[in-house]
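Any read-out appearing in this document is the output of simple, stated calculations on the displayed coordinates, not a laboratory observation. All figures in this text were calculated on a predicted structure; none of them were measured in a lab. Cβ sites come from the backbone with ideal geometry, for glycine too, and all protein chains shown count toward neighbours.
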Amino acid sequence: MRALGLKVLLNRIWVSFRCFQGAKNFAFSLLLLMVFMQGAAFAHPHIFVQAKLKLDFSDHRFSGVVQQWEFDELFSAAASADYDSNKNGTLDPGEGKTLWDEVIQPWKKFNYFTNAILNFRGYAPEKASNQSVFLKGETVVSEFKAEFNGPPATNDWTMILVAVFDPANYVSTEVNYQDIEILHAEDLEVEYFDDDASTLPQFSGRPVETHALYVRYRKKS
């Protein structure tokens, strides 16, 4: 379990290094040195996430991205070892909240990796809501909504682009953009397609190809 616990500690080091905050009770200097010894620490993914997305337009505006993240086997084993404090083989609500607060919540500084473009400008979520972290079998799962306050729907199309990725490529997020659920009122019309967005200035310079959802919505005529 020592190596597995170390994986979570390295994750916390990364959060601390980027956010100047993070989880408590870890040997900062030693582990930070280990990160640097790995070479380009932020150039290659260390954590892998499979993400499912729902775009929420139920309030007659773009109000957020409901997400389910399934973490990779190594991260899940490490998180279970560190945060299943009563050792009952699951993450109770309080344990899941602690994991969220110490590991995932600091990613707010990076918009929970939820990137949007509206009117040719970067558009950040205001907060995360409905957070939960639990075990599904042996896999750590996090569910939350990245809340946006998009413009209300009008008779004309409003266009927005949404992509989920870590700009530093420390966390690799795999999204099936062919399996997106749209939540919207019956009097709203929403259309979307997915495509490469790597050439956009906001997403350029990443070491991997960036896919995104190109979305538009309006009132039904």
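Considering (1) surrounded by fewer than 15 Cβ atoms within 10 Å (Cβ to Cβ); (2) within 15 Å of residue 62 (Cα to Cα); (3) without any contact (Cβ under 8 Å) to a residue 60 or more places away in the chain, the lone condition that residue 154 does not fulfil carries the number (3).
Out of the residues in region 180-221 meeting the condition of being assigned to a loop (DSSP other than H, G, I, E, B) and aliphatic (A, V, I, L, M), tell me which one is surrounded by the most Cβ atoms within 10 Å (Cβ to Cβ). Filtering region 180-221 for residues that are assigned to a loop (DSSP other than H, G, I, E, B) and aliphatic (A, V, I, L, M), the one surrounded by the most Cβ atoms within 10 Å (Cβ to Cβ) comes out as 197. In region 64-74 there is at least one residue matching the filter, namely being in a helix (DSSP H, G or I), over 25 Å from residue 185 (Cβ atoms) and of a type in the set (A, V, I, L, M).
Could you tell me whether region 92-115 includes any residue that is closer than 24 Å to residue 188 by Cβ and part of a loop (DSSP other than H, G, I, E, B)? Walk me through how you get there before you give the answer.
To start, the set of residues in region 92-115 that are closer than 24 Å to residue 188 by Cβ comprises 114-115.
Filter once more, keeping what is part of a loop (DSSP other than H, G, I, E, B): none.
No, region 92-115 contains no residue that is closer than 24 Å to residue 188 by Cβ and part of a loop (DSSP other than H, G, I, E, B).
The set of residues from region 85-142 being of a type in the set (Val, Ile, Thr), within 17 Å of residue 70 (Cα to Cα) and in contact with a helix residue (DSSP H, G or I) (Cβ under 7 Å, 6 or more places away or on another chain) comprises 103, 133, 139, 140.
Could you check region 120-148 and list, in sequence order, the residues that are of a type in the set (S, T, N, Q) and surrounded by fewer than 14 Cβ atoms within 10 Å (Cβ to Cβ)?
129, 130
Close Cβ contacts (under 6 Å, 6 or more residues apart or on different chains) running from residues in region 165-181 that are at positive phi and in contact (Cβ under 8 Å) with a residue 60 or more places away in the chain to residues that are assigned to a loop (DSSP other than H, G, I, E, B) and charged (D, E, K, R) are absent.
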